[in-house]
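K.L.:
Okay, here's the structure, questions in a sec.
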Amino acid sequence: MSNTAQSHASELSQGFSLKLLAEGLGELDLAGEDDLLVMGICDDSRHAKPGYAMLCLPRSGDAASEYADAAAKQGATAIISVGLAVKTELPCLYLDSMQQAGALLRRLFNTEQAGAHLYGVTGTDGKTSVAWMLREALSRLQTRAVWSTGTLGWMRNPEDIRDIGNTTPSLLTMHAMLTQACLDDVHSVVCEISSHGIVQERIAGLDFKTAIWTNMGHDHLQDHGGYEPYLAVKASFIQDCASAGGNVIANADHADIRKNAPEYSCWYGHGLYRDDVDLAWEQELPGLLRLRSGDNEVVVEDIPLGDFHAENIASVALTLMTSQNIKLEELPALLTGMTAPPGRMQDVVAGYGQVFVDYAHTPEALERCLQAARKLTRERLILVFGCGGERDREKRPQMGEIASELADVVWITSDNPRGELPAVIASEVEFGMRQPYKAEVHLQLDRGQAIDDAVQALEEGDVLVIAGKGHEAYMEVCGKRVPWSDADTATYHLNAKHGLDSSGQEKSACA
């Protein structure tokens, strides 16, 4: 997702005194007015309306004064500036930090009175799956609604998903969403917390009751100055939640999480017979998960394929035990038949052949995806993948090495090249592949053609994995988002290969 939070605007049910709003926060310049009522708030001048306050966030930078002027022309009656020297003739509240902005929005939206249990899920991989599965499990448990936010959008239910532009949306969006949750009597909200969301303090002023740390790997390192700063960012969210009295659910199988999560965290880990975790898990057969706590064990059946999904469900299980006081023996009823989100080892049901689409775009995720697929493979494991442009370059050769070691046939192709040349990205991926290649390697920069070639190569007993984009419905090329779907593309070529129409039916001889 984008590193810059999408803008938001929110109209208030009743006006709010700017004086009361500013009390104890920052410096207020009323520009000669005694007071004024704030009727709404926005963080984008294009959404300003008469009576609105324009929230100028640090991302505005040197353009903040221009945005303030634009908001004034739209009818805005006040400016709220966060750490910026905004020049404006409108009444202006100058705040020093995003923490003050969070406190202001708590006051404005009465966020602290929102009754929803707020869960935050962070980690390099697994955030979307854990958020999806936790929302599903909580929905089975509760008669009241459960929402989630993240890479897939703002999900009220699987049929009502709204785009929010970022894994972790803007500060204003978060507070406005929680207010809506309160109005709709929502029981819980599960939020994916990205490293960018933490650094840009988009969650300031929010009270997370439970934080979940899934894993640590290599992603977004170019934005944080390396792995150690990236790790510190993730750890800061976990530690802040713990310091505020929240529960922490942490993966004991990652050494860096062990070192950086509070000692009194609730731990889950792989391997049934261990005494250093609160909940142990083991996947003995595909689709079957065994959970153990103390001397007791239960079995959860019919879960999505892949050890990583088993691990994700284990984190959900421990979260339910700690946050909802669910007993171990109650878990199978809540977790059996759990589904996976779109694009996470998603089975492409078309034609004849086993094809999976997965969002794996980090070395760790690609490795686990291929390991899961290998267990289903009787003959060859075929892979189509690429690496994103203008993102962490260090992972490209790492992913190339993993691909050539774990797959039998590999197509290197394009994946959101953005402003980079696809051929350059592909060469950096190929650089990590050991010579002579262990796998059969092909280079086809046209992703559609690469998928077609791989589908044509599929034989009985083979498994094809198309990795990197998962659920994404676009390809980012030179500043534009071009419509794209790995699943739809694979479906088309699978059906065409076997003489089926777009619905998967045999074509009529008279057509």
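The values are calculated or read from the model by the stated rules, or taken from the named source; none is laboratory data. Predicted model only: the values in this text are computed from it and were never measured. Cβ placement follows ideal geometry from the backbone for every residue including glycine, while neighbour counts extend to all protein chains displayed.
K.L.:
Scan the range 362-387 for residues that are part of a loop (DSSP other than H, G, I, E, B) and surrounded by fewer than 20 Cβ atoms within 10 Å (Cβ to Cβ) and report the count.
P.N.:
So the answer is 6.
K.L.:
Same structure, new question: Just checking, how many residues over the range 439-496 are within 24 Å of Gly153 (Cα to Cα), surrounded by fewer than 19 Cβ atoms within 10 Å (Cβ to Cβ) and of a type in the set (Asp, Glu)?
P.N.:
Looking only at that region, the number is 1.
K.L.:
Determine whether Met39 is closer than 19 Å to His175 by Cβ, surrounded by fewer than 24 Cβ atoms within 10 Å (Cβ to Cβ), of a type in the set (A, V, I, L, M, F, W, C) and at pLDDT 95 or above.
P.N.:
No: the conditions fail for Met39.
K.L.:
Anything in the range 77-132 that is in a strand (DSSP E or B), within 27 Å of Arg156 (Cα to Cα) and out of contact with any Ser or Thr (no Cβ under 6 Å at 6 or more places or on another chain)? List them, or say none.
P.N.:
Leu118, Gly120, Val121, Thr122
K.L.:
Farther than 20 Å from Gly123 by Cβ and among the charged types (D, E, K, R): which single residue out of Arg378, Arg391 fits that description?
P.N.:
Arg378
K.L.:
Only residues that are crowded, with 18+ Cβ neighbours inside 10 Å, among the polar types (S, T, N, Q) and over 17 Å from Thr214 (Cβ atoms): list them for the range 256-306, please.
P.N.:
Ser293 - this is the single residue of the range 256-306 that is crowded, with 18+ Cβ neighbours inside 10 Å, among the polar types (S, T, N, Q) and over 17 Å from Thr214 (Cβ atoms).
K.L.:
A further question on this structure: It is to be established whether one or more residues within the range 450-459 are part of a loop (DSSP other than H, G, I, E, B) and either without any contact (Cβ under 8 Å) to a residue 60 or more places away in the chain or aliphatic (A, V, I, L, M) (or both).
P.N.:
Yes: one or more hits.
K.L.:
Given the condition of a type in the set (S, T, N, Q), assigned to a strand (DSSP E or B) and modelled with pLDDT under 90, answer yes or no: does some residue in the range 141-162 qualify?
P.N.:
yes
K.L.:
Taking the range 237-288, which residues are in a loop (DSSP other than H, G, I, E, B), charged (D, E, K, R) and within 23 Å of the chain's Cα centre (by Cα)?
P.N.:
Matches in the range 237-288: Asp253 only.
K.L.:
Within the range 1-30, take every residue that is out of contact with any strand residue (DSSP E or B) (no Cβ under 8 Å at 6 or more places or on another chain) and modelled with pLDDT under 65 and give me the one that is surrounded by the fewest Cβ atoms within 10 Å (Cβ to Cβ).
P.N.:
Of everything passing the filter in the range 1-30, Ser2 is surrounded by the fewest Cβ atoms within 10 Å (Cβ to Cβ).
K.L.:
Additional query: How do the pairs read when you match residues in the range 5-26 that are within 14 Å of Tyr52 (Cβ to Cβ) with residues anywhere that are of a type in the set (S, T, N, Q) and at pLDDT 90 or above, using Cβ under 6 Å and keeping only pairs 6 or more apart or on different chains?
P.N.:
Listed by first residue and then by second, the contacts come to His8/Ser170; His8/Thr173.
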